[in-house]
Amino acid sequence: MTKPFISLCPEITRAHALKLMDWLEDDRVTCYLSDSRDVSRSIEHAIDRTQLPILTHLFNRDGRFFMAYDRHDDPVGFVRLINNGAECEIVLAIGDSEKWGRNLGTRTIREGMKLAFLDMRAGKLIAKIHPDNQRSQKAFLRSGFELESETPTMTSWAMTAGRYLQLLREDAFRDAPGIYITEMDKAKLDNLIALEEGPVAQLEHELERAIVVEPDQVPSTVVTMNTRALVQLDDEEIEVAVVYPEDANSSAGKHSVCSDLGAAILGYQEGDAIDWRIAGRTRQIEIRKVLYQPEAAGDFHL
């Protein structure tokens, strides 16, 4: 069975706003949504105030707003991350009722955690859920959240940054095949992430869940740094090299490890297939063959 896939997109268009309004008119969607009135009101104001096709800036006040897409690039829901100092509150809904029962809510929660902890650097993520909303409570429980407090009208579930990283390292989520990274590559990439040179949340997520091995112990079929590989990208077969940002030249097939494609294939091995959002749309990626790997060639200095 194909695992559920969700990607979160920060761009909010006028068409998205109208779709959100449709979802929020469905009582089945809003009956347990803690801030449905606030969301609905803000959307109405955004639509009324401007005729601009892109409304992202109007949705990102007091936090960040994302549309949730499935693997077919259909919008199926939304995520709102609300800043509260070191803490962050997550509000989400799968608005497309035809997609209910497919574990998309759980996957959406995990994508929201990735952004909250690795991009927004929240220390703690909170979800406030109505006690009768058993489906949401189970989804947050499956995602590793712990019950923090409970009243007759509200349950509060929490995840700390430390616990999130621990679960990643233990591969508790099992959303994708396991990946490998060499100790040398990880040390260099950790330094790159510390400098935050470019978008690094996806890369950091992959590094945290990777199996770390000595350079001479990594399988020769694994995509390591400076590896060249033959990759199937949807229906197109291309040759890709994963390089550090300063060596990137996408026209020559050299993709930065911070780029969508570079972060996507790092650590995977021949035969692995994944879905990944690249340049605004979901792509199917398969590692067909590793053409050159520095470690296999004895080029440990690369």
Checklist entry - Once phi is turned into ³J(HN,Hα) by the Karplus curve 6.51 cos²θ - 1.76 cosθ + 1.60 with θ = phi - 60°, what whole-Hz value does each residue of the range 157-168 show in order, with x for glycine and proline? => result 10, 9, 9, 8, 4, x, 5, 4, 5, 4, 5, 4
Item to check | Max mean-square fluctuation residue, GNM over the chain, Cα-Cα springs under 10 Å, options Ile90, Ile287, Ile278 | outcome: Ile278
Checklist outcome for this item: For Leu55, the residues 5 or more places away or on another chain with a placed amide H closer than 5 Å to its own amide H are Ile12, Thr13, Arg14
Checklist entry - Based on the alpha-carbon gyration tensor of the range 201-302 and its eigenvalue square roots a ≥ b ≥ c, which shape applies: rounded if a/c is under 1.5, prolate if not and a/b is larger than b/c, or oblate? => result rounded
Next on the checklist: Under 29 Å between alpha carbons, and skipping anything fewer than 8 positions from Lys188 in its own chain: which lysines qualify?
Outcome noted: Lys114, Lys124, Lys254, Lys289
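Normalised by the residues of the chain, what does the relative contact order come to in percent, with Cα pairs under 8 Å and at least six apart?
13
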Next on the checklist: Using a 10 Å cut-off around each Cβ, can you sort Asp48, Asp175 from fewest to most neighbouring Cβ atoms?
Outcome noted: Asp48, Asp175
Next on the checklist: Apply the a/c threshold of 1.5 to the C-alpha gyration tensor of the chain and tell me whether it is rounded, prolate or oblate.
Outcome noted: prolate
Checklist entry - Relative contact order (percent) for the range 180-297, with alpha-carbon contacts under 8 angstrom and 6 or more residues of separation? => result 28
Checklist entry - Please state the relative contact order of the range 47-166 as a whole percent: Cα pairs under 8 Å, 6+ residues apart? => result 18
Checklist entry - Ignoring the sites themselves, what is the longest stretch of the chain with no GluC sites (Glu not before Pro) in a DSSP loop and at most 15 other beta-carbon atoms within 10 Å? => result 26-169
Item to check | Under 15 Å from the Cα of Lys3 - aspartates and glutamates, other chains or at least 8 residues apart | outcome: Asp70, Glu111, Asp175, Asp272, Asp275
Checklist entry - If you wrap the range 61-133's Cα atoms in a convex hull and average its projection over all directions, what's the area in nm²? => result 5.4
Next on the checklist: Can you tell me how the range 125-231 classifies by the Cα gyration tensor, rounded, prolate or oblate, using a/c under 1.5 as the rounded cut?
Outcome noted: prolate
Checklist outcome for this item: Per-residue Cβ contact counts at 10 Å, fewest first, order Arg174, Arg110 as Arg174, Arg110
Checklist outcome for this item: Computed for the chain: size of charge dipole around the Cα centre, +1 on C-beta of each Lys and Arg, -1 on C-beta of each Asp and Glu, debye to nearest 20, value 740
Next on the checklist: I want to verify the translational diffusion coefficient of the range 106-187 in µm²/s; compute it with Stokes-Einstein, Rh as the Kirkwood radius over Cα pairs, at 10 °C and 1.306 mPa s.
Outcome noted: 114
Checklist entry - Taking a label point 7 Å from the Cα of Arg281 along the Cα→Cβ vector, which residues of the range 59-85 have an amide N closer than 15 Å to it? => result 70-75
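Values in this text are rule-based calculations from the coordinates and carry no lab data. Please read all numbers here as calculations on a predicted model, not as lab measurements. Backbone-built Cβ (ideal geometry, glycine too); neighbour counts: all protein chains shown.
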